[in-house]
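J.: Have a look at this one.
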Amino acid sequence: MLENAARSIFVQSSNVDLGDVLPQYARASILQTVRKYFGRLESSSVHFNREGPLYKCTVTIQVGTLKTMSGEAQLKDAYAAFRSALEKVAKQLRRAKRELREDKATRIDKDIALAERPILRRKAASSVRQPVHTITHLVEVAREPTPVELDQDSPYRIAAE
């Protein structure tokens, strides 16, 4: 499927002679990058331009239904400019994939329980420390933590652990 997508990769230039190798290298690199992250290339374009002693390369990739991603670089070598621009697009693809993967809901109660650590108070008679667990309301922040007695089978003890 990606080999058919190679036809949808356009390599163009305004004022640079690309030769035969640079367009092939660009197509192969784009296919490898897309295959690594998603595998569904809709369209892509690479444009080279010479601005003084520097080569300017712009890489644009459309993958699946994601937004179009673009990267641009200016370097003294056309291949290096292409690689740098493609790395910028690869970074965007990597972040988009991570964002799609990490769309799971978070447990607020677990996060609060982990954030609240037991308050250690010292008994007057001995030097043994005992944790005093507190539970605060999930919506409103309590001004003073409310101490809770933790029996052996208490649901508060289970939630606090």
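Any read-out appearing in this document is the output of simple, stated calculations on the displayed coordinates, not a laboratory observation. Worth saying up front: this structure is predicted, and the values here are computed from it rather than measured. Neighbour counts run over all protein chains shown; Cβ positions are idealised from the backbone, glycine included.
Table: residues versus (1) touching a Pro at 6+ places or on another chain (Cβ under 7 Å); (2) exposed (fewer than 14 other Cβ atoms within 10 Å of the Cβ); (3) closer than 18 Å to residue 9 by Cβ.
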{"site": "34", "(1), (2), (3)": "no, no, yes"}
{"site": "53", "(1), (2), (3)": "no, yes, no"}
{"site": "64", "(1), (2), (3)": "no, yes, yes"}
{"site": "67", "(1), (2), (3)": "no, yes, no"}
{"site": "70", "(1), (2), (3)": "no, no, yes"}
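J.: Please go through segment 19-31 and pick out each residue that is closer than 12 Å to residue 78 by Cβ and assigned to a helix (DSSP H, G or I).
T.: Residues satisfying the conditions are 21, 22, 23, 25, 26.
J.: Among the candidates 59, 34, 16, single out the residue that is hydrophobic (A, V, I, L, M, F, W, C) and assigned to a strand (DSSP E or B).
T.: Checking each option against the conditions leaves just 59.
J.: For segment 37-56, how many residues meet the condition of being in contact (Cβ under 8 Å) with a residue 60 or more places away in the chain and outside any helix (DSSP H, G or I)?
T.: 0
J.: Here is a check on your reading of the model: is residue 66 over 27 Å from the mean Cα position of the chain (by Cα), among the aliphatic types (A, V, I, L, M), over 14 Å from residue 86 (Cα atoms) and not in a helix (DSSP H, G or I)?
T.: Taking the combined requirement at face value, the residue does not satisfy it.
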